[in-house]
Structure formats: structure tokens, C-alpha cells
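Structure record follows, encoded as C-alpha cells.
The values are calculated or read from the model by the stated rules, or taken from the named source; none is laboratory data. Predicted, not measured: the structure shown is a model, and the values here were computed from it. Note: ideal-geometry Cβ built from the backbone for every residue, glycine included; neighbour counts use all protein chains shown. Protein only, heavy atoms only, side chains kept; ligands, DNA and RNA dropped before computing areas. Shrake-Rupley method; radii C 1.70, N 1.55, O 1.52, S 1.80 Å.
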Amino acid sequence: MSKHQSSLRKPVGGAQTQTSEVGKRLWPYVRPLIGMLLLGVLAMAVSSATDAGIPALLKPLLDHGFGANASRQAVWFVPIAVIGLAFARGIAQYASQYLLSYVSNRILLKMRLDMFNRMINTGASFFQRETASTVINAIVFEVNQILNVLVSVMVTLVRDSLTVVFLLGYLFYLNWRLTLIIAVILPGIGWFVSKINRRLRQLGRDQQMLTNDLSYIVEETVAGYKVVKIHNGEQYEISRFGEMATRLRGYAMRMTVAGGLAQPLTQFLASIALAIVITVAVVQSAHDQTTVGGFVAFVTSMLLIISPLKHLIDVNQPLQRAVTACELIFGLIDEPIEDKGGSRSLDRARGEIEFESVTFGYTEGGRNTLDGISFKVAPGEMVALAGPSGSGKTTLVNLLPRFFSPVGGTIRVDGVPLADYDVHALRSQIAMVSQDVVLFNDTIAANVAYGQTPDRARVLAALDAANLADAVAAMPDGIDAMVGGNGMRLSGGQRQRLAIARAIYKDAPILILDEATSALDSESERHVQAALERLMEGRTTLVIAHRLSTIERADRILVLEAGRIAESGSHRELLLRDGLYAHLHKIQYQQQTA
């Protein structure tokens with residue numbers, strides 16, 4: 001089991017999830033399309049009925065179509081009927097395939113939309129808990145297992161079940177005594193299949209977990225390729241991937257072994273039934289209780305029934321795999337959505353922020369990351385957060401846009417608790433620029449105006465304010481140039497300034513800067529710092545910076561230590577106090593001059 005546990009892996013109905021429970025969850029998706037589904041089932045019924053028609057034509061052909069007393073009606077009727085059955089079967093098969101494919105793809109689309117909608121509306125804790133590979137597997141790949149259920153598996157279950165019913169009905173009509181022999185064997189096959197269901201379900205669940213783990217290894221390796229190469233870690237990653245892939249192969253083989261037992265047993269039991277039928281039929285023939293045509297029709301029907309029975313047995317393994325996929329899919333759909341807060345709107349905030357005795361911890365019962373934080377920020381004031389790593393700076397600013405909610409205390413904006421605001425109205429008042437710039441594989445204009453329809457004049461003005469206008473103008477497509485995956489076609493400084501341009505375009509009254517210049521060279525930092533100064537004008541700003549030189553001009557500096565405010569004051573006041581801030585400043589100064 002991987003160390004990164006996923007809540008999406010929890011079974012829909014507990015450890016003993018049954019196929020019927022998954023069916024109940026699928027029903028709301030099927031119900032609007034029930035008419036099309038029933039038409040598809042009807043078409044499959046017609047196709048299945050034609051299977052029973054073939055042996056039914058053999059009986060009159062053999063009994064009345066050969067010899068000196070051959071019936072001209074039988075000679076001409078049977079060939080024409082065969083062609084008619086083949087035509088009807090072809091039409092019915094095409095209609096059923098089209099109708100069921102239409103239904104399944106509509107359901108697939110609806111489920112994908114529901115999954116993505118739920119994912120995008122979950123809280124920040126979901127994205128911290130789940131790996132990207134697990135979510136991608138659920139939305140993109142695992143949902144295709146449902147398609148297999150609704151097309152391949154469903155077609156097999158319905159069409160072959162109807163074929164078995166029609167053939168059994170005809171067999172009973174021909175010779176009820178011989179049919180009873182087959183009826184005794186069928187429950188035995190069903191009993192055996194039910195015994196291996198549980199094994200297949202558990203193996204499928206384990207296989208899906210390992211598939212997620214394998215995807216996560218690929219995700220980590222691709223994202224960290226520079227670290228892999230600089231540390232010559234290729235062999236380590238190959239070994240790690242190979243070990244997980246081997247384990248996955250082992251589970252696949254176990255599923256093959258468990259699922260493969262059903263087919264040979266079915267064939268063996270069917271051969272026993274055939275031997276008994278032949279013996280009884282010979283005895284009945286000796287007493288004139290059956291004809292040659294009746295016997296051939298019976299044996300043909302019995303042999304025809306073996307194939308759909310085998311298909312029904314074989315469908316068990318993909319069906320159990322699909323049940324496992326449903327557990328992952330409905331696990332995502334059942335994720336609780338983010339608390340939307342109150343109904344209070346906010347046209348434009350003044351920018352007053354207040355933390356009152358705020359306490360927060362990521363795990364229940366664990367150590368609090370923030371403990372009794374209290375401070376006020378006046379509109380337009382720049383407040384910097386300093387302190388050693390792990391002191392709670394990033395956690396503190398993440399509470400303001402309600403990525404997380406405090407477990408104690410109150411946070412207010414313009415004197416109103418955050419919980420009273422509609423979360424979207426609140427976040428529309430906040431812009432954030434961090435060291436981990438996130439850009440989308442879209443145009444520069446779309447990235448600057450993200451979430452809004454780009455206004456080209458505003459985009460150009462924002463780029464100019466971010467000291468990026470000249471660089472963009474030099475690009476062949478200008479603001480319509482694609483930035484590549486996460487801005488890979490831009491330099492580090494350009495990516496940072498594009499994030500600043502996005503914040504300028506949003507024009508929010510509250511600004512959060514999280515290590516916005518920590519990863520830049522001196523030249524890029526100079527351009528970015530100038531853009532930041534334009535951005536901060538007239539805005540309430542919370543700044544996190546490890547480089548204390550970047551926050552010397554802050555109106556106030558809060559020094560955090562172990563989740564508490566250890567010191568508060570201006571840069572000069574804190575240096576004169578000779579406390580934690582002065583200690584951190586001295587260490588950085590020594591490192592810079594060393």
C-alpha cells in the first residue's frame with residue numbers, strides 16, 4: 001500500500017460493496033435515458049430471438065425436407081426463413097449497438113462533468129490529500145470502466161441472457177425431460193461464479209490502488225526530472241517503477257487465475273450435460289419418443305446455449321473491475337463541497353483586516369499551526385510576516401481567502417466575519433502572487449485575465465504596469481502568444497511578472513504576496529520588485545518574505561514563531577529590540593556578505 005492514502009479509494013458502500021449498490025448509484029444517470037435504453041433492450045431481444053429461430057427451422061427441415069416424401073413447403077420455406085432471420089438479426093444488432101452506445105456516452109459525459117464539477121468545488125484540504133494522478137485516473141481513465149459496463153458488459157448480460165431464456169424455452173417445448181437436465185446444471189454454475197466474485201472484487205480494488213501508485217511515480221518523475229538527472233537517479237526511478245509495475249502485473253495475473261476458472265468449469269459441466277442428453281435421447285428414440293429432427297434441433301439449441309452462457313460467465317471479471325472503478329468515481333462525486341459561507345455580498349472592500357484569537361491546526365488533536373493570533377491591518381497598510389520556516393506564515397495568509405477555516409477565533413474583513421460573506425464575493429476582493437507561479441497552457445491575454453473575458457486594453461495596461469509589455473511585444477503573437485505548460489516558454493522573471501500582471505488586472509483591494517521574489521536573480525528581482533511596488537499602491541497588503549531586505553519598507557512586521565506572534569513593529573524598531581527578528585536579520589546579512 002502506498003504511503004499517500006486516498007479517500008477516493010474508500011468503497012462506496014463499505015468493504016463489502018455489492019454490484020447492486022453500484023446499480024443504485026448509476027440509476028439517476030440512467031433514468032433520463034430510460035426510453036432509449038428500453039429500445040436498445042428491445043432490439044437485443046429481437047436479436048436473441050433469432051438465435052432460437054435457427055434450431056427451430058432445423059426440425060421441419062430434417063423431418064420433412066429430405067427423402068422421397070419431402071415437403072416442397074419445407075424445402076422452400078426454410079432457406080427463405082434463414083435469410084429473413086439473418087436480415088432481422090443484423091438490423092436488431094446494429095440498432096441495439098447504436099442505442100446503447102448513445103445512452104452510455106451520454107451517461108459518461110454526465111459523470112465526467114459531475115466529477116470535475118465536484119473536484120473544482122471541493123475545499124483546499126482535498127487537493128492536499130489527493131495526488132493529481134489519483135484524480136486524473138478517476139476523471140479521465142477509470143470512468144471509461146463505466147462505459148465498458150454500459151456497452152460491452154450490459155450488451156452481454158441482456159442479449160445473452162435473453163438468448164439463454166429463448167433457447168431454454170424452445171428446449172422445454174421440444175423435450176421437457178431433457179431440459180430438466182440442463183436446468184439442474186445451470187444453478188451449479190451460478191453457485192461457483194458467486195464464490196469467486198468476492199475474490200475478484202478485492203483483487204480489482206487492489207489493482208486499482210496500485211495503478212494510482214504507478215501513475216504517481218510517473219507524475220513525480222516527470223515533475224522532478226531535473227532532480228532525477230542531476231543526482232543520477234535514473235536507475236533508482238527505473239527500479240521503483242519496475243517494482244510497482246511488477247506488483248501490478250502480479251495482481252493482474254491473480255485476477256486472470258481467479259476469473260479464468262469459471263470458463264473451463266462451465267465447459268466441463270456442459271459436456272457432462274451433453275453426454276447425459278445424448279444417452280437419454282437415444283433411449284427415447286428407441287421408444288419413438290423423439291424424431292431425428294427433434295433430436296438435432298435439441299442438441300443444436302443446447303450447443304447454441306453454451307456460447308452465451310460462457311459470455312455471461314466471462315463478463316464477471318470486467319463487471320467486478322467496473323464495480324471497483326465505480327467506487328473511485330463515486331468516491332469523488334461524494335466529496336463534500338466547499339463551504340460557501342453566508343450570503344453577504346461585497347462590491348469593493350475597504351481593505352480592513354482583523355485576526356482575533358485565531359487558532360488553526362491541520363489535523364484534529366495534533367499540534368496547532370497557529371495559536372491565538374491577533375492583529376489588525378488598516379486599509380492600505382502593508383504588513384509583512386517574518387519568522388523561521390514552519391512558523392505558520394503561509395498558513396496564516398491561506399486563512400484569509402478561506403482556503404481553510406480557523407478552528408478557533410474570528411477573522412474579519414471590513415468588520416464582518418469571513419463566514420458571513422459569500423466565499424466567491426470574498427475572494428473577488430483578494431489577489432495573490434506567490435513564488436510558485438501557476439500559469440495555464442493558454443495565451444498571455446487569457447492568463448492575465450484568468451476567470452474573465454480578456455479586455456485587450458486592460459491586458460496591455462496590466463502588462464505595462466508589471467514591466468512585461470516590451471517582452472510581450474517582442475513575441476511574434478504578442479498577447480496572443482501561448483505560454484506553454486505552466487509558462488515553460490517564459491523565463492522565471494517573466495512568469496513572475498505575468499502573475500503580477502494577473503493581480504493588477506484583477507484590481508482587488510487586498511493583496512497577498514507569498515515569497516514573490518525569493519527564486520529570482522538580481523536583475524529579475526529588480527524588475528519584479530518595481531512591478532510589485534506599483535501593484536501594492538493603495539492596496540492592503542500582506543507580505544511573506546524570507547529575504548528580510550524586501551520587507552524593510554513595510555509599515556509593520558509581525559514576527560511569527562511556533563504559531564504565535566513573537567514580535568511586532570517596524571524594521572528599525574525590531575532591530576533595536578534585538579530579538580528574534582534581529583537574530584534572523586543578522587544571519588541573513590552574514591550570509592550575504594560571506
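Could you please find all residues in segment 111-134 being under 27 Å from Pro32 (Cα atoms) and either assigned to a helix (DSSP H, G or I) or open to solvent by 70 Å² or more (accessible area, probe 1.4 Å) (or both)? Break it down stepwise before answering.
Restricting attention to segment 111-134, the residues satisfying the condition of being under 27 Å from Pro32 (Cα atoms) are 111-122.
The answer is Met111, Arg112, Leu113, Asp114, Met115, Phe116, Asn117, Arg118, Met119, Ile120.
Specify the residue that is surrounded by the fewest Cβ atoms within 10 Å (Cβ to Cβ); the eligible residues are those in segment 472-497 that are at pLDDT 90 or above and closer than 25 Å to Glu537 by Cβ. Taking the candidates together, the pick is Ala473. Here Gly351, Gly390 are screened, and the one residue that is open to solvent by 50 Å² or more (accessible area, probe 1.4 Å) and within 30 Å of Ala554 (Cβ to Cβ) is Gly390. In this structure, Ser96 does satisfy being in contact (Cβ under 8 Å) with a residue 24 or more places away in the chain, open to solvent by less than 40 Å² (accessible area, probe 1.4 Å), within 24 Å of Pro32 (Cα to Cα) and touching a Ser or Thr at 6+ places or on another chain (Cβ under 7 Å).
Would you confirm, using the coordinates I've provided, whether Leu346 is modelled with pLDDT of 85 or more, part of a helix (DSSP H, G or I) and not hydroxyl-bearing (Ser, Thr, Tyr)?
Details: modelled with pLDDT of 85 or more: yes; part of a helix (DSSP H, G or I): no; not hydroxyl-bearing (Ser, Thr, Tyr): yes.
Considered against the rule, which asks whether it is modelled with pLDDT of 85 or more, part of a helix (DSSP H, G or I) and not hydroxyl-bearing (Ser, Thr, Tyr), Leu346 comes out as no.
When Asp371 is tested against (1) under 27 Å from the mean Cα position of the chain (by Cα); (2) acidic (Asp, Glu); (3) open to solvent by 20 Å² or more (accessible area, probe 1.4 Å), exactly one condition is not met: (1).
For Ala508, the criteria (1) assigned to a loop (DSSP other than H, G, I, E, B); (2) at pLDDT below 90 hold in every case but one, which is (2). What do you reckon, is Thr156 crowded, with 22+ Cβ neighbours inside 10 Å and in a helix (DSSP H, G or I)? For Thr156, the condition - crowded, with 22+ Cβ neighbours inside 10 Å and in a helix (DSSP H, G or I) - is not met.
Just the residues that are more than 26 Å from Leu108 (Cα to Cα) and touching a Pro at 6+ places or on another chain (Cβ under 7 Å), please, taken from segment 149-169. Can you show your working first?
Step one: filter segment 149-169 for residues more than 26 Å from Leu108 (Cα to Cα), giving 163-169.
Thr163, Val164 - these are the residues of segment 149-169 that are more than 26 Å from Leu108 (Cα to Cα) and touching a Pro at 6+ places or on another chain (Cβ under 7 Å).
Checked against (1) open to solvent by less than 10 Å² (accessible area, probe 1.4 Å); (2) out of contact with any His (no Cβ under 9 Å at 6 or more places or on another chain); (3) not in a loop (DSSP other than H, G, I, E, B), Arg458 passes all but a single condition, namely (1).
Does Arg402 qualify as being at pLDDT 90 or above, charged (D, E, K, R) and part of a loop (DSSP other than H, G, I, E, B)?
On the way: at pLDDT 90 or above: yes; charged (D, E, K, R): yes; part of a loop (DSSP other than H, G, I, E, B): yes.
Yes, satisfied.
Kindly evaluate Ile272 against the criterion of being at negative phi and modelled with pLDDT of 70 or more. Reasoning before the result, please.
Working: at negative phi: yes; modelled with pLDDT of 70 or more: yes.
Yes.
The single residue among Ala431, Ala465, Ala473 that is in contact with a Leu (Cβ under 6 Å, 6 or more places away or on another chain), closer than 24 Å to Leu498 by Cα and either touching a residue at least 12 places away in the same chain (Cβ under 8 Å) or not aromatic (Phe, Trp, Tyr) (or both) turns out to be Ala431.
I need the full set of residues from segment 442-455 which are part of a loop (DSSP other than H, G, I, E, B) and open to solvent by less than 10 Å² (accessible area, probe 1.4 Å), in order please. Residue satisfying the conditions is Ala449 alone.
Within segment 406-441, the set of residues being modelled with pLDDT under 90 and either in contact with a Phe, Trp or Tyr (Cβ under 6 Å, 6 or more places away or on another chain) or in a loop (DSSP other than H, G, I, E, B) (or both) comprises Gln435, Asp436, Val437, Val438, Leu439, Phe440, Asn441. Scanning segment 393-428 for residues that are within 31 Å of the chain's Cα centre (by Cα), buried (at least 22 other Cβ atoms within 10 Å of the Cβ) and over 21 Å from Gly563 (Cα atoms) turns up Tyr421, Leu426.
Only residues that are assigned to a helix (DSSP H, G or I) and either more than 17 Å from Ile107 (Cβ to Cβ) or among the basic types (Lys, Arg) (or both) were counted in segment 328-343, giving 1. The combined condition, being more than 27 Å from the chain's Cα centre (by Cα), of a type in the set (S, T, N, Q) and modelled with pLDDT of 70 or more, is fulfilled by Gln93. Filtered by the rule that a residue be within 24 Å of Ala530 (Cβ to Cβ), of a type in the set (D, E, K, R) and either in contact with a strand residue (DSSP E or B) (Cβ under 7 Å, 6 or more places away or on another chain) or in contact (Cβ under 8 Å) with a residue 40 or more places away in the chain (or both), segment 437-462 gives a lone residue, Arg458.
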